Amino acid sequence: MKLSKRSDTVKMGRPPGSKNAGHDQRRRELARSIIQVITTENGVDSSLRELARGAGVSPPTLRHYFQDRDGAIIAAFEEMLVQGSPYIESGATENIGELASSLRWFAEQVVMGWGYGFGKSFSAGLSLGLLHEKRGPAFVNTLLEPSLQSLEARLHVHQSRGELREGDLRQFALSFASPLFLALFHQRNLGGDGCRPLDLQQFLEDHLDGFLRGYGPPSHSAKVPLAQDFLA
């Protein structure tokens with residue numbers, strides 16, 4: 001009887017914890033699909049099963065890549081940051097002329113970007129992050145803080161030129177961005193343009209003037225009336 005020759009080659013399986021080739025790319029593709037789900041009307045309420053349906057896969061597939069619903073949503077936030085990184089870089093570095101025109105450009109870019117996905121991403125992130133121990137910090141780290149830090153970097157240039165008074169740039173960025181974000185949420189995401197319309201362009205000009213009076217160089221701040229002027 002002829003015996004077959006035994007092969008010395010042993011096929012090994014993947015070590016525990018190792019990833020398939022293309023794992024990270026597939027994970028990002030799924031995260032992008034989840035963005036499409038959570039940024040639609042009522043999308044923030046989607047269950048894991050509904051997220052999977054929107055991504056065209058089964059719930060076990062989402063669990064494989066993200067573990068659970070929170071993991072899938074946080075991965076979507078992280079992908080939003082990747083997609084938004086060119087705009088964050090632009091907000092920090094482009095069109096930095098004199099202080100007023102620089103901040104006007106930044107504000108107008110935010111308003112324009114709000115209608116091209118930025119507003120939906122922010123709305124979904126805020127809705128999913130509020131009062132949640134995991135998703136809340138994830139929203140701060142991937143969407144809110146990068147946007148503020150972009151503005152901080154811009155303000156740092158102006159402060160170094162002497163165009164902005166000394167102080168905490170993070171507070172300055174919050175002071176400039178918060179009213180702008182609130183106005184956009186009010187008008188665009190909450191239907192305020194229908195029940196309580198606001199002239200956004202006039203708002204931007206008034207807000208910019210107020211910011212320059214409060215944080216700009218002494219020559220601009222000096223234009224602000226003092227309390228004793230009204231009491232004289």
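The values are calculated or read from the model by the stated rules, or taken from the named source; none is laboratory data. Every value quoted in this text rests on a predicted model; they were computed, and no experiment measured them. Please note: Cβ atoms are built from the backbone with ideal geometry, for glycine as well, and neighbour counts cover all protein chains shown. Ligands, DNA and RNA are excluded from the accessible area calculation, which covers all protein heavy atoms including side chains. Shrake-Rupley method; radii C 1.70, N 1.55, O 1.52, S 1.80 Å.
Points worth noting:
- Percent accessible area from carbon and sulfur atoms, the stretch 141-208, protein chains only, probe 1.4 Å: 52 percent
- Counting Lys and Arg as +1 and Asp and Glu as -1 over every other residue whose Cβ lies under 11 Å from the Cβ of Val111, the net charge comes to +1.
- Relative contact order computed over the stretch 143-201 (Cα-Cα under 8 Å; 6+ residues apart), in percent: 25 percent
- Excluding ligands, DNA and RNA, the accessible surface per residue across the stretch 63-120 is 51 Å² with a 1.4 Å probe.
- Plainly put, the stretch 59-169 has a radius of gyration that is 1.08 times its Kirkwood radius, both from alpha-carbon atoms, as the Rg/Rh ratio.
- Distance in nm between pseudo-label sites at Val140 and Glu98 (7 Å out along the Cβ direction from Cα): 3.8 nm
- Label separation (Leu174 vs Met112): 3.0 nm, computed from points 7 Å beyond Cα along the C-beta direction.
- Segment Arg165-His132, extension gain: residue separation times 0.36 nm, minus the distance between their alpha carbons: 8.2 nm
- Förster radius 30 Å - calculated FRET efficiency between Leu190 and Ser90, Cβ distance, rounded to 0.05: 0.65
- Average projection, convex hull of the Cα set of the stretch 80-232: 10.9 square nanometres.
- For Asn42 and Thr61, the difference between the fully extended length at 0.36 nm per residue and the C-alpha to C-alpha distance is 4.6 nm.
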